[in-house]
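Each remark here refers to the structure printed beneath this line.
The values are calculated or read from the model by the stated rules, or taken from the named source; none is laboratory data. Just so you know, these numbers come straight off a predicted model, no measurement behind them. A quick note on method: Cβ atoms are made from the backbone with ideal geometry, for glycine too, and the neighbour counts reach across all protein chains shown. Areas reflect the complete protein model, heavy atoms only, side chains present, ligands, DNA and RNA absent. Shrake-Rupley method; radii C 1.70, N 1.55, O 1.52, S 1.80 Å.
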Amino acid sequence: MTKPNVIIIGNGHYATGLTSISEKKVTDKDRGILLPSALFMQKNNLINEISICGRSSKKVASLKKNLDYFNQEFGWSSNVTFYPKTSVEFDDKAYLTALKEVSKPAVALIAIPDNLHRDVMLSCIKYDVPFLIVKPAVTSLEDFYIVQEEINKKNLLGVVDYHKVFDEANLVLKDEYNKGTYGKLNHVSSLMSQKRDMLDIYSRWLTSSNLNINHYLGSHYIHLITFIADFTPIDVRATAQYNYVANKMNKNIADLIQTHIRWRDETGHIFSSYHVSGWTDPSETEGMTYQELYFLTENGHVSSDQRNRGYKTVLSGKGSQVSNPYFFGFTKDVFGLPSLDTKYGFKSIENFIKAAIDVIDDNKKASDYDQTLPTFSQSEKVTAILAASDLSLENDSCIVSLEKVSNKFKLVKR
């Protein structure tokens, strides 16, 4: 079995845990997700060498401290190659150097600002490097079809890190719906709202791109509906509230966005979903994210509290805290080893790596995974919905229809 080299593109919060608030405030990703996952897989002989690409070499010293921590705590290797090299202070195309230099076969794990996604994915395709990219892959249909056209030219796997599809609670939802347990869906609602600390982490992104909370957070559960079954979005209407973020950033950025979607199921039955996403919860909030999911169905009610996972502490100096032990973390198992392989945040990355190896070794075609993994191709519907939501907000919350023309989604204002 092939052991690919891993190129991590991005060295911020999701990749390494390093942010502008590191050592000032605690988050649920303080040592990152991508880097420790890669180190864990390397220790378990699934991958070969690891490289990390950023735009600046200024974080290298802090990254080496993290690597030393992982080495001392878990025995993971601290031998990582950095791009740009430490002799180069700034290079916003360092990832291109890595894609050219790193020995193939290689795979990429990408966590960068949304406005850079398209160009980086196209570069990965050019150099025949399968990729996993943080969600959303893109937020415009034009970008989606540009990347899709290039993927179709090659047997190359592209996956979007919609890790919620690996959460056991959501796998139960998918399984029971498809068994017919719930009957037809009538209404789905979701809430995801994070601490306002995230605004400090993403402050540079927010002032330089059109990132909004629906892209970053709302897409989680919007995508999950497309993953549960082959539902087709009919139309979208979005609303938003502006207050705290606009004052803080001096830019027209919403505190909350609500997305209302009408869907058609495989029998022609129409149901609706309503998704609330926000990032202005007080810093004192118990958990990093409020997250709830509710289904009203033909046969009854289904509620999934994905915030209160049954683990809560009330401690001096820290107050009340609620954590999600199932997403990610470095809890040791009974043998004293980190139990990342039980976390759905890690499973998303591991399943991509294993699938990429199968494609590289010619055991599978990349398109074989469109029905099982959240591939780039499979993200067409959520891309269309996000684009429709943006268009709705730009036009006084009008309804935007999603029509298929020549096998591509077209947005039509109503």
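A few points about this structure:
- Convex hull per residue volume in Å³, alpha carbons only, for segment 153-291: 156 Å³
- Taken along its principal axes, the alpha carbon cloud of segment 100-154 reaches lengths of 32, 24, 14 Å, longest axis first.
- Calculated [222 nm] ellipticity per residue, helices only, for the chain: -9000 deg cm²/dmol; basis is -39500 (n - 2.57) per DSSP H run with n ≥ 4, divided by all residues, nearest 500.
- Carbon/sulfur fraction of accessible area - the chain, other protein chains in place, 1.4 Å, %: 47 percent
- Scoring 139-147, 35-43, 371-379 by mean Cβ neighbours within 10 Å over their residues and listing the highest first yields 35-43, 371-379, 139-147.
- Cα centroid separation, segment 35-97 to segment 152-194 (Å): 32 Å
- In this simple spin-label model, placing a label point 7 Å from the Cα along the Cα-to-Cβ direction at both residue 241 and residue 45 gives a separation of 5.5 nm.
- Solvent-free Debye calculation, one equal scatterer per alpha-carbon of the chain: log10 I(q)/I(0) at 0.11 Å⁻¹ equals -0.84.
- The Rg/Rh ratio for segment 4-68, using Cα coordinates for both the radius of gyration and the Kirkwood hydrodynamic radius, is 0.97.
- When Rg and Dmax are taken over the Cα atoms of segment 284-381, they come to 18.6, 56 Å.
- Over 21 Å (Cα to Cα) - which of 100/343; 3/332; 64/85 fall in this group: 100/343; 3/332
- Debye log10 I(q)/I(0) for segment 226-364, one point scatterer per Cα, at q = 0.16, 0.21 Å⁻¹: -1.20, -1.24
- Radius 10 Å from Cβ of residue 56, net charge of other residues (Lys, Arg +1; Asp, Glu -1): 0
- Largest accessible area first, the residues 237, 309, 262, 414 order themselves as 414, 237, 262, 309 under a 1.4 Å probe with ligands, DNA and RNA left out.
- By the rule of a C-alpha distance below 20 Å, with chain neighbours fewer than 8 residues away ignored, the aspartates and glutamates paired with residue 318 are 23, 28, 30, 197, 281, 284, 286.
- Kirkwood Rh, angstrom, segment 230-295 [1 / mean 1/r, Cα pairs]: 14.1 Å
- Radius ratio Rg over Rh of segment 48-122, counting only Cα atoms, Kirkwood formula for Rh: 0.98
- Distance-filtered residues of segment 254-281 - backbone nitrogen under 16 Å, label point 7 angstrom along residue 401 Cα→Cβ: 262-264
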